[in-house]
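Colleague: Mind looking over this structure? Questions follow.
Here, each number is a calculation from the coordinates, and none is a lab measurement. Given the structure is predicted, the values throughout are model-derived calculations rather than measurements. Note that we place each Cβ from the backbone using ideal geometry, even for glycine, and neighbour counts take in every protein chain shown.
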Amino acid sequence: MHVHCCKQPTIPFMQAMNTHLLLSPPTTVIDRRPNDLFPKKLSSQSSCVNRKGRRSCSVGHRGANGAHNINPTCSIKPEADEDRRNKMDRRNVLIGLGGAGLGLGLDTNPLASGAPIPPPDFSTCGKTTDEVTGLDCCPPTSEVKTPTPFKPVAPPKSSVRTRLAAQNAVKDPDYIKKYRRATELMKGLDVDDPRNFWNQANVHCSYCDGAFNQNLAGYKCLEIQVHNSWLFFPFHRWFLFFYERILGSLIDDPTFALPFWNWDSPDGMYLPELFELENGASPLYDHYRNTKHRQKDFLLDLNYSGTDVHQDAKTLIDNNLKTMNRQMNTKDQCLFFGQPYRAGDCPNPGGGNIELIPHNTVHNWTGDPKWLAEDMGKFYSSARDPIFFAHHSNVDRMWHLWLEKIGGKNLEQDDWLNAEFYFYNEKKELVSVTVQDSIDIGILGYAYENVDIPWLQTKPTARKPANKAKPDGLGLQDQSSAAKGGFSLDSKISIAVPRPKQGVEKAEREEILILRDIKFPSDQGLKFDVYVNDDADTPSQPSQSEFAGSFVHVPHKHGMTFKTSLYLGIKTLLKDVGADKAASVVVTLVPRYRNGPVTIGGISIEQSSCD
Ligand code: C2O
């Protein structure tokens, strides 16, 4: 059933509810969604802290629902992978249990505001279609049952699943055999079996392409989105957890573990051989990858900007390692996890450091440009490539390393901890899981192989003083107009941005460069790089301090305007370039690729409200 949802209110919540009542007169709604049987864990409203009048690190998103819709669209490539598509088409389209997608606004539960993101309502799952192609990512209905809560019980030591670096795993013929066999079995499962490989791929698609709306009174028109917010790490940890255990159960080996694509080390900065063809066939191989990047010894560029830079290996590796250092080296929780995202919030408040780079860049680097960047370069298709799970295994490892090596701390807000998802486990049972239950990988029963972490020591360095800020640089904008009124990003632009006044207490905290409300077509690629006090004519390498970071998008959902914000920590940068006392800095934005108009709502520098 395709749920047509109401238009997003752009007015405050209660007012919106009233208006909605006027617009949709009472209808008889029999709503028997399975998850309504479960009490919602409503939590207190806490945020990335508002203590002492500091502002929340979710800047200006709460309650403003924006122009987001509702079961938007995905495309699939024409004539591609017929087999796969036929399989999916044979599957029944989901039949809604409640039979009512209308009048949902009648539920009025103002308590919902400030609650964690609720689990999806499978019965109102909508297609992520566009009219032309029709892509349905909804879970098979055959197994929709009452979800059981996940039981956090650590397995015995003997069955800990140790995830190996892919470049090491490939040396073990037994492991290769197991991994291939398990994947082959998974691909061969019945199309109605939720453990089926393609259904697993669709789990990702449904949580990222607007198939589900928030199943909470008052917010049923808002999609659930697991990217570009603090849900990113926990959602993907769970997704891998279940996927890995399904593989293990299919080969009857509870110790089976996914490999990790060790892209943060020179040893792993290639498309892992483990996923390549051998003797013409492997279930771990996917045809829809960038053929150039499949070449042996083709170095991965963590700052991939759509074209391959012709740098010598040493320079590229140096850029990669210093990029890793820059992205990991902060204790600021909002920068690391991404911005708060609660029931009623617009999706995509802002991704964390690792989500943007290297997570998004590696997706884009791997996808096949000949096929609209499928599989890895589009969220709806990315998990159709088995390499997705090795990529995310390393993303997940970064969360682990951040806690272990950088001294980061997990968020403590209830609205994060109590966010909930549904997955099918290895027994085809629907399981409800929370973020809370994801934070201890010991309890989840897996560990990571210890390998070198070369980026721990590779800090970016500043350019020569001669290259420092040119306050009269290219197209320098008056901050007041650019920052307040917004601007479009058509080409390179430099903007003077004032820094917040330093207080004694504040000096400790991270300083954040915020690009607010970046808007562009959701299904189009976009990357732009951000420099501070740099030479706008010849901007820095990623290995240099002036390079503050990038905005990178992985396209999904057709016909929508994507809206998000970018948060970059610049405290270390400012020190490196000798601008820690400056009253303002010059920010240069350089678009690397884009397709269609890009506007930015404003630019500012603020003290972090995350400690
Ligand atoms: Cu959900 Cu790598 O994406």
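Colleague: Shape of region 551-611 from its Cα gyration tensor (a ≥ b ≥ c, root eigenvalues): rounded if a/c is under 1.5, otherwise prolate when a/b > b/c, or oblate?
Modeller: Cα axes put region 551-611 in the prolate bin.
Colleague: Where in region 339-359 does the amide nitrogen come within less than 19 Å of the point 7 Å from the Cα of Lys409, taken along Cα to Cβ?
Modeller: 339-340
Colleague: Place the peptides 485-491, 405-411 in order of packing, highest mean first, counting for every residue the other Cβ atoms within 10 Å and averaging per peptide.
Modeller: Descending packing order for the listed peptides: 405-411, 485-491.
Colleague: Obtain the nm distance between the two label points defined at Thr255 and Glu276 by a simple spin-label model: each point lies 7 Å from its Cα along the Cα-to-C-beta direction.
Modeller: 2.9 nm
Colleague: Run the quick spin-label model on Val153 and Asp190: label points 7 Å from Cα toward the beta carbon, then report their separation in nm to one decimal.
Modeller: Using points 7 Å along Cα→Cβ, the separation is 2.8 nm.
Colleague: Continuing with the same structure: Roughly how many debye, to the nearest 20, is the charge dipole of region 332-419 about its Cα centre, given +1 on each Lys and Arg Cβ, -1 on each Asp and Glu Cβ, and no other charges?
Modeller: Using only the charged Cβ atoms, the result is roughly 200 debye.
Colleague: I need the shape label for region 508-590. Rule: rounded when a/c is under 1.5, else prolate if a/b > b/c, else oblate, with a, b, c from the alpha carbon gyration tensor.
Modeller: prolate
Colleague: Right, another one. For region 232-302, with only Lys/Arg (+1) and Asp/Glu (-1) charged at the beta-carbon, what is the dipole magnitude about the Cα centre, in debye rounded to 20?
Modeller: Using Cβ point charges on Lys, Arg, Asp and Glu, region 232-302 gives about 260 debye.
Colleague: Show me 557-565, 180-188 ranked by packing, highest mean number of other Cβ atoms within 10 Å first.
Modeller: The packing order, highest mean first, is 557-565, 180-188.
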